[in-house]
Amino acid sequence: MPERNWAGNVRYAAARRHRPSGVDELRRLVAGSDRVRAVGTGHSFNRLGDTTGDLVSLAGLPPTVEVDRERRTVTVAAAVRYGDLATRLHAAGYALPTMASLPHISVAGAVSTATHGSGAGIGNLATAVAALELVTADGDLLTVRRDADGDRFAGMVVALGALGVVTRVTLDVLPAFEIRQYVRLGLPRVALDEAFASAYSVSLFTDWRGDRIGQVWRKQLADGPPPEADWLGTTGAAGPVHPVPGMPAGNCTAQLGEPGPWHERLPHFRLGFTPSSGDELQSEYHLPRAAAADALAALDPVADRIAAVLQVCELRTVAADELWLSPQYGRDSVAVHFTWTADADAVTPVLAEVEARLAPFVPRPHWGKVFTLDPAAVAAAYPRHADFLALLRDLDPAGKFRTALLDRHFPRP
């Protein structure tokens, strides 16, 4: 059981820690607790997963992965990491439509915070969810399904751990496929939209120190042609690169157009290596995709301030969905992600400036990252905020799964 989150900026405040070995043990624990939260791989950068009561790791539950070939789904234990799930899926001939930049995160934790990869026509990880099994506040085991629970299901997938402890997740799968990854350097900003639409998955990296995007990571289907030598005014990387300056390229997935399985190309980082830089803070804001160029222009006047406390900034696209608390609810989105230095005192005032300049675009923060947006602004950005608050009161009337961060953004009556 970890003492701190992955970044080390949050020390868990739990009075008691548990690692149940079965669902029945978990049900008894939840039923007997006044305050309880589940912790996964600890990749949240704020106190969303913290509690002063009982902190529960699900890593002791059997790491089951069950493929249903008829339904084209896989049902997986909550604590299984995406990288481990993907390896087993690929061996069975199947794939997920997308993966996050790092495969080290747990399935339930990533789904519950709407973590995502990139792709103009691809939704976040939670959009693949067909069913959830969770332990509710009274210790009951509840299963909800997309094909049976309709709109209520859409409110329960991205739920921030606030409705219960998820034990199993059922995901849609596709036939396995191969990807080639190319890294291009020096993209002019005027080519932003064309770059995003150019491949199955595209990520852009900038350090805010020039007028061009530093790196474009194009993950294209393996049967497509390679980019032209002067593609969109860029040049091809001469060798493998890492998006964070100074970090070893060997930590990253294979580049230079070498074909490989989907799960070894869609993430940026390899499962057995340190993702990103490790010593960092992260923030991310989701904006209407059509506003991408204008949003970057709005940040230009403070580019020097951003660059001074930045390791790298990543831009990705995510397709619209109908999940109530998804940052992509109802709108195709561009995600502006900041990997900051691990200095909260230096980062916080810059973060406030970034949020103020993005305010006209109605930013929706990643729920598991660092942000300081006013709760009223966050609530106004989510059309189903009131509906989720009602669902929260219905399923957890005593606030067993609540945290200080949840109370701030979903206040009690």
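The values are calculated or read from the model by the stated rules, or taken from the named source; none is laboratory data. Predicted model only: the values in this text are computed from it and were never measured. In this analysis, Cβ positions are derived from the backbone assuming ideal geometry, glycine residues included, and neighbour counts consider all displayed protein chains.
Just a few scattered comments:
- Comparison of LEU232, LEU185, LEU256 shows that the only residue that is in contact (Cβ under 8 Å) with a residue 40 or more places away in the chain and within 24 Å of SER333 (Cβ to Cβ) is LEU232.
- Scanning the range 11-38 for residues that are part of a strand (DSSP E or B) and closer than 19 Å to ASP138 by Cβ, we see that the one that is farthest from the chain's Cα centre (by Cα) is HIS18.
- Screening the candidates ASP84, ASP54, ASP34, ASP68 for the property of being more than 22 Å from GLY155 (Cα to Cα) and in contact with a Pro (Cβ under 9 Å, 6 or more places away or on another chain) yields one hit, ASP84.
- Scanning the range 181-205 for residues that are β-branched (Val, Ile, Thr) and touching a helix residue (DSSP H, G or I) at 6+ places or on another chain (Cβ under 6 Å) gives a single hit, VAL202.
- All positions within the range 280-312 that are modelled with pLDDT of 95 or more, over 15 Å from the mean Cα position of the chain (by Cα) and not aliphatic (A, V, I, L, M): PRO288, ARG289, ASP294, ASP300, PRO301, ASP304, ARG305, GLN311
- Index of the failed condition, ALA297 passing every other in (1) among the hydrophobic types (A, V, I, L, M, F, W, C); (2) in a loop (DSSP other than H, G, I, E, B); (3) surrounded by fewer than 20 Cβ atoms within 10 Å (Cβ to Cβ): (2)
- Verdict on VAL350 being touching a Lys or Arg at 6+ places or on another chain (Cβ under 7 Å), touching a residue at least 12 places away in the same chain (Cβ under 8 Å) and either under 27 Å from ARG212 (Cβ atoms) or assigned to a helix (DSSP H, G or I) (or both): yes
- Of the strands (runs of 3 or more DSSP E) contained entirely in the range 121-219, those carrying at least 2 residues that are under 23 Å from the mean Cα position of the chain (by Cα) and crowded, with 21+ Cβ neighbours inside 10 Å fall at 129-135, 165-172, 178-188, 201-206.
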